[in-house]
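None of the figures in this text is laboratory data; all of them are computed from the coordinates on show. This one's a predicted model, so the numbers in the text were calculated from it and none came from an experiment. Every residue, glycine as well, gets a Cβ built from its backbone with ideal geometry; the counts of neighbours run over all protein chains shown.
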Amino acid sequence: MSTTRTSKPARAGQYLALLGYLVFLAFPFLWLISTAFKPPRELASLHPTWIPKDPTLANFRQAFDEQPLLRAAGNSLIAAVCAALIAVAIATPMAYVMARHRTLLARAATGWVVVSQAFPFVLVIIPLFLVLKNLGQINSLPGLIMVYVVWSLPFALWMLVGYVRAVPTELEEAAAVDGAGKLRTLVSVTAPLLAPGIVATVLFAFITAWNEFFFALVLLKTPEKQTLPVVLTHFIGAEGAADLGPLAAAAFLATLPSLVIFAVIQKRITGGMLTGAVKS
Amino acid sequence: MRARIATALTAALALLLAGCSGDSDGSDDGKITLRFQSLAWQKESVDANKELVKEWNATHPDVKVEYVQGSWDSVHDQLLTSFEGGEAPDIIHDASDDLADFAYGGYLADLDELLPDRLKSDIPERSWQTTTFGDGVYGVPFLQEPRVLIANAKWLKRSGVRIPTPEKPWSWDEFRAVSKELSDGKGKYGVAWPLKEPVSATLNLSLSTGGRMFHRGDDGKVDIRFDKADAIMPRTVHDQVNTDKSASGTTLGMGGSDTLPGFFGGKYAMVPLGFSYRQQIVQQAPKGFDWQVLPAPAGAEGLAQGVSPQTLSVSEDTAHKKEAVEFIDFLLQPKNMVRLAQGDWMLPTGEQALKDPALHTKKNDWATGTALAKDLRSAPAQSVRGYAEWKDKVATPALQEYYSGAIDMDELRKRLVTDGNLVLKRYQR
């Protein structure tokens, strides 16, 4: 195996590009934080500043005062956690079969997964609404969770197929040679190696559901059931007018769970449990 | 590992069960429960709506109203889905320009026979026209706002220009001359037009000059014309931006709120905005900033301008139309309409409510806006089928290009009329 050394200017360019990308990614979030702490008069300043001159917690107080943010966050959490766990629980065995048995059916299923991602929300929402109504699941979190599971399943499957393919079949063959049955091999050998992939997929499914707005808006009728993205729109008025301070404060709080979860499990995603599993 | 998986699954199941707290919006005790979806969003407005619902519930034990918070941002899609699924709220808050599809689609109840005489006679005919589609009335118009000029009062006084009043407004020519007078040619402009959505502003303000653009023939079909009267308002804006340099070109792509920092920062002397923007100005203006409300310029039709009022409708599917209308009648009692108007910083449509002294105060220039109420008309074309497509595909780009100076008046006319009539034709076969 040959390695190529990158020249210093090229490396500096890479770091610069990376820095630019990070700034690009971080800009909206940093601006959100800045806005959340600004009083109304600073929000309408002709010369906006990054650091609020007169920082205030009033936007947070107002946001909590005007909207049931905690209840909405609780609903979002239930919906997102349940949807993510269920979707991944269903997707994992499916992904294993699709990755290990490259039959015509598996290829067709893969194609269908790709196509299903192309359906716009508005195309599916009315039939979905009618189905859920017949099941008595309108305005219920389990109904919403079912939708989220179905919606995130193709992507979860897509991700997990890749992770399963990355697990060397030699390991499973070695386990079989050592006398392990199929189930034992799956549970003791394959599943632990898949763990980072499963965690990453749960995370993405969680974030998809946590941020989802349209299904929640349409399916949940009563204020007690509404999720956080729906409640956030209550700070927006006609013709795009917005109560910017409280909206930013609430939106900042809404991004925190995703950030915390990323921070906590980042190591598990990037740790690479496959390291050293196979001698090459 | 297995223990962790088991723990996670148990937690998921527990959470799922916690989420299965049932779905009970019906009542088993014979009492009626009506769902009222409100789009109120500012704190005062939400508070006023919730208080009124509370007062109704306290005095009507057999008809309970449940307040449901909706949002302007997504109301159309949300209602459409709810109607299709037979799960729409009983009482629906919306705006008149959003009702046509729902009314023609049979989703809204015709309120003509259900409304009490008190309410019918309290709201003037010109407002009822905004919610009348075909032979039916599909909503009660209850709040509206004129477009006004919000001006930097100190700047105006210092310049010595005549200050217009509802009794003696500026003509469009005078407005052009004044905005030129207020400009210094070095980055300070007499006016900033926020015309991100140029169509409704153009059509609504052109009513003052007699412009109507949409003409309905005896056969009921509508065609578009662009006469001299239609051209006065657009030409004024175009010339302010491109000839006089008295209007900022950069604000043409902005929404109303986007112009406020420049207004507070002393870049523009006047900004044409909806009357309710006063709330944002009170909240955000720097200390000591002196502002005032001026009427929009007048033309051959005086101060006439188009509006799309906020409305209350009843779902066709509800089994309790009578009770829903009774609640609307309660909500729109004159004193209650005043509370709602104050909460939204808008004008009530009801004539009794408009007489309330609270809406005639000089504070925050309520009196100036209230004086304009009698000149508000139904926004042109809001019930014309195909209007939405004409607006998005033809009129918006054409007006944006005209205002920025990219095309001339002849090209604008050609696009609005020729291309526009082709669009309308498809809807009127």
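Just checking the listed ones, B:A40, B:A319, B:A100: in the Gaussian network model of chain B with Cα springs under 10 Å, the one fluctuating most is B:A319.
Taken one residue at a time, the phi angles of the range B:73-89 give Karplus couplings (6.51, -1.76, 1.60, θ = phi - 60°) of 4, 9, 5, 5, 5, 5, 5, 4, 5, 5, 4, 4, x, x, 10, 6, x Hz. Gly and Pro are set to x.
Taking Lys and Arg as +1 and Asp and Glu as -1, the other residues whose beta-carbon sits under 15 Å from that of A:A44 total +2.
Peptides A:223-234, B:150-161 ranked from most to least packed, by the mean per-residue count of other Cβ atoms within 10 Å: A:223-234, B:150-161. For the protein assembly as shown, the mean residue ellipticity at 222 nm estimated from helices alone is -16000 deg cm²/dmol, where every DSSP H run of n ≥ 4 contributes -39500 (n - 2.57) and the total is divided by all residues, rounded to the nearest 500. Potential lengthening of the chain between A:L130 and A:L57 amounts to 21.9 nm, from the contour at 0.36 nm per residue minus the alpha-carbon distance.
Using the Kirkwood radius over C-alpha pairs as Rh, can you work out the diffusion coefficient of the range B:141-206 via Stokes-Einstein at 10 °C, viscosity 1.306 mPa s, in µm² per second? Roughly 116 µm²/s, to the nearest whole number.
Remark: for residue pairs B:K120/B:K335; A:K221/B:K43; A:K221/B:K31; B:K287/B:K355, the C-alpha separation exceeds 28 Å in B:K287/B:K355. To the nearest 10 degrees, how steeply does helix B:2-19 sit against the main Cα axis of chain B, on a 0 to 90 scale? Once rounded, one gets 80 degrees.
As a proxy for reagent exposure, ranking B:L252, A:L30, B:L340 by other Cβ atoms within 10 Å from fewest up yields A:L30, B:L252, B:L340. Report, by chain and number, residues whose modeled amide H sits under 5 Å from the one on B:R377, excluding near sequence neighbours (fewer than 5 apart, same chain). Those lying under 5 Å, H to H, from B:R377 are B:Q305, B:G306, B:V307. Put simply, the amide H of B:F133, placed in the peptide plane, has neighbours under 5 Å in B:Y138, leaving out anything fewer than 5 places away on its chain.
Residues A:M146, B:M270, ranked from the fewest to the most other C-beta atoms within 10 Å, line up as A:M146, B:M270.
Here the spin labels are modelled as points 7 Å beyond Cα on the Cα-Cβ line, and at A:L259 and A:A166 they lie 2.6 nm apart.
For the protein assembly as shown, taking the reciprocal of the average inverse distance between every pair of different Cα atoms yields a Kirkwood hydrodynamic radius of 28.9 Å. On the beta carbon distance between B:E167 and B:Q283, with R0 = 30 Å, the FRET formula returns roughly 0.50. Shielding by partners for peptide A:62-74, expressed as the average number of C-beta atoms from other protein chains within 10 Å of each residue's C-beta, is 1.
Between B:A319 and A:V122, the FRET efficiency estimated from the beta carbon spacing at R0 = 35 angstrom works out to 0.75. Report the net charge of residues surrounding B:G220, where surrounding means a beta-carbon distance below 13 angstrom and charges are Lys +1, Arg +1, Asp -1, Glu -1. So the environment of B:G220 carries a net charge of 0. Summarising the amide proton neighbourhood of B:L143: residues at separation of 5 or more, or on other chains, whose placed amide H is nearer than 5 Å comprise B:Q310, B:T349. Excluding B:E55 itself, calculate the net charge of residues whose Cβ lies under 12 Å from the Cβ of B:E55, where each Lys or Arg counts +1 and each Asp or Glu counts -1. The answer is +3.
Once the Cβ-Cβ distance between A:R100 and B:E389 is put in as r, and R0 is 56 Å, what FRET efficiency do you end up with, to the nearest 0.05? Computed FRET efficiency for A:R100 and B:E389: 0.65. Of all lysines in the structure, the ones whose alpha carbon falls short of 30 Å from that of A:K182, not counting any fewer than 8 places away in one chain, are A:K267, A:K279.
When Rg and the Kirkwood Rh are both derived from Cα coordinates, the Rg/Rh ratio for the range A:1-104 amounts to 1.22. Under the rule a/c < 1.5 gives rounded, and otherwise a/b versus b/c splits prolate from oblate, where does chain A land using the Cα gyration tensor? It comes out oblate by the Cα gyration axes.
Within the straight-line cut-off of under 14 Å between alpha carbons, the aspartates and glutamates reachable from B:K393 are B:E197, B:E401, B:D419, sequence neighbours fewer than 8 places apart in one chain being disregarded. Using only Cα atoms and rounding to the nearest 10 degrees, what angle (0 to 90) does helix B:334-344 make with the longest principal axis of chain B? Computed tilt is about 70 degrees. Taking θ as phi - 60° and the Karplus parameters 6.51, -1.76 and 1.60, the scalar couplings of the range A:94-109 work out to 4, 5, 4, 5, 5, 7, 8, 10, 7, 8, 4, 4, 5, 5, 5, 4 Hz in sequence order, x denoting glycine and proline. Normalised by the number of residues in chain B, the mean separation of alpha-carbon contacts (under 8 Å, six or more apart) gives a relative contact order of 24 percent. Note on B:Y189, B:Y277: ascending count of other Cβ atoms within 10 Å places them as B:Y277, B:Y189, the fewest first. Using 18 Å as the Cα-Cα cut-off, could you pick out the over-long pairs in A:K133/B:K321; A:K225/B:K54; B:K186/B:K267; A:K225/B:K322; B:K64/B:K321; B:K154/B:K188? Listed pairs above 18 Å: A:K133/B:K321; A:K225/B:K54; A:K225/B:K322.
Our coupling estimate for the range B:55-65, obtained by passing each phi through the Karplus curve with A = 6.51, B = -1.76, C = 1.60 and θ = phi - 60°, is 5, 4, 5, 5, 9, 10, x, 8, 10, 8, 9 Hz, Gly and Pro reported as x.
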